[in-house]
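Structure first, then comments.
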Amino acid sequence: TYTTDTKSREENKKTIESLYRLSVDIKKIRRLKEWVLLQDVAYVKEIAGILQEMGADETAVANILERCPEAILHTPAEINSQRALWQLVCQNEKQLIKLIEQFPESFFTTEYHENQKANILFFQELGLKNNIITRFLTSAPNIFYNPVEKNKNVIETLQRNYLRLGGSNANMKIWILKLLSQNPFILLNTSTAIQENLEFLQKSDFTDDEVLQLLSKLKGFIFQLTSTTMQKSMLFSKNVFKCSDQELKQLVLKCPALLYYSVPVLEERLEGLLKEGISVAQIRETPMVLELTTQIVQYRIKKLSALGYDIKSGTLESLNGTKKDFEVNYGKIQSKKERPIFNPVAPLHIEN
């Protein structure tokens, strides 16, 4: 733990000089993390040396230390241990230094070294590919700070429930690995929360097979919800669409966002659509449109209107999907509009 009492301390001149020699922007560090410059002990030359050994040039070293100046407070032994650890999943040091440049904070968090190591080995045993594990290390480092037993417990809970819901032993490994790849943050949940959410869905009359469908469609994000928020969202949708429990269930299976988004989010998106002249009946027919933000919907309606496409009288399917899906649909509507009304290969009758 480093002190952050800046008033009674002076900057370490030796640290400043060493950083200056490495062309590091010291003003930037003063502005963002001045406390680093006040520490009595720093390993500027040593940490820079290790980074250079791995292939970082002068500019890269300066960038890394500007973005994560606390790196210089770690001992060379700690950083070399971290280097050896990340090499377990990196193809070579070239890839490793590239990752450190992009995500220095993740690399220089050494406090959980033993947990990180145990979790890397556990993920490898589980069958996750090294490139997926490196993605986790950089984008979801928190999951490595957990004791490995906690992560094992969550995985076992998921496996047990997958089999209980009718999944097969043969497909279980693929299912788990896909779920983890899509959403590693599942591991930050407790086994109890996972169990409670699955039980809520079953009590809401979703069949075992339908619960598995929802888990896959929502990429495990369902575990970041609570039964209370899911219940409120479902009740909101039931009132808006004036449908029976069975009809609501079908709508949720068609558009799991109705379960995932909170009531305020659904309200805002619904209002945005209604303001554009879209009816509740149209939304009920194509509920997936609620997955889009109001801004995206407005942008897409504007583009389609410019082609003379009236969204109020047509289907909302043309609004749906990812940016790529929309561009494909838009292209089709555009080419249809531009298509000549006569057959270009038919012979022309001059007298006509």
Distance between region 131-180 and region 45-79 - C-alpha centres, whole angstrom: 33
Solvent-accessible heavy-atom area per residue, rounded to whole Å², over the chain at 1.4 Å: 55
Restricting region 284-331 to GluC sites (Glu not before Pro) in coil, as DSSP defines it, with at most 16 other Cβ within 10 Å: none
Three-way shape label, region 71-136, alpha-carbon gyration tensor, a/c 1.5: oblate
Expected-Rg normalisation [2.2 N^0.38 Å, Cα atoms] applied to region 9-110: 1.02
Cβ-derived FRET efficiency at R0 56 Å, Thr293 paired with Leu126, nearest 0.05: 0.95
Tail fraction, Cα-Cα pairs, region 120-187, threshold 14 Å, whole percent: 58
Against the rule of thumb 2.2 N^0.38 Å, how large the Cα Rg of region 223-331 comes out: 1.08
Diffusion coefficient, µm² s⁻¹, Stokes-Einstein with Kirkwood Rh over alpha-carbon pairs of the chain at 10 °C and 1.306 mPa s: 64
The chain, accessible surface, carbon-and-sulfur percent (1.4 angstrom probe): 52
Environment charge at Lys129 (Cβ cut-off 15 Å; Lys +1, Arg +1, Asp -1, Glu -1): +2
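The values are calculated or read from the model by the stated rules, or taken from the named source; none is laboratory data. Note that this is a predicted model, so its numbers are computed, not measured. Positions of Cβ are backbone-derived with ideal geometry, glycine not excepted, and every protein chain shown enters the neighbour counts. Just the protein is used for accessible areas: all its heavy atoms, side chains included, with ligands, DNA and RNA removed. Shrake-Rupley method; radii C 1.70, N 1.55, O 1.52, S 1.80 Å.
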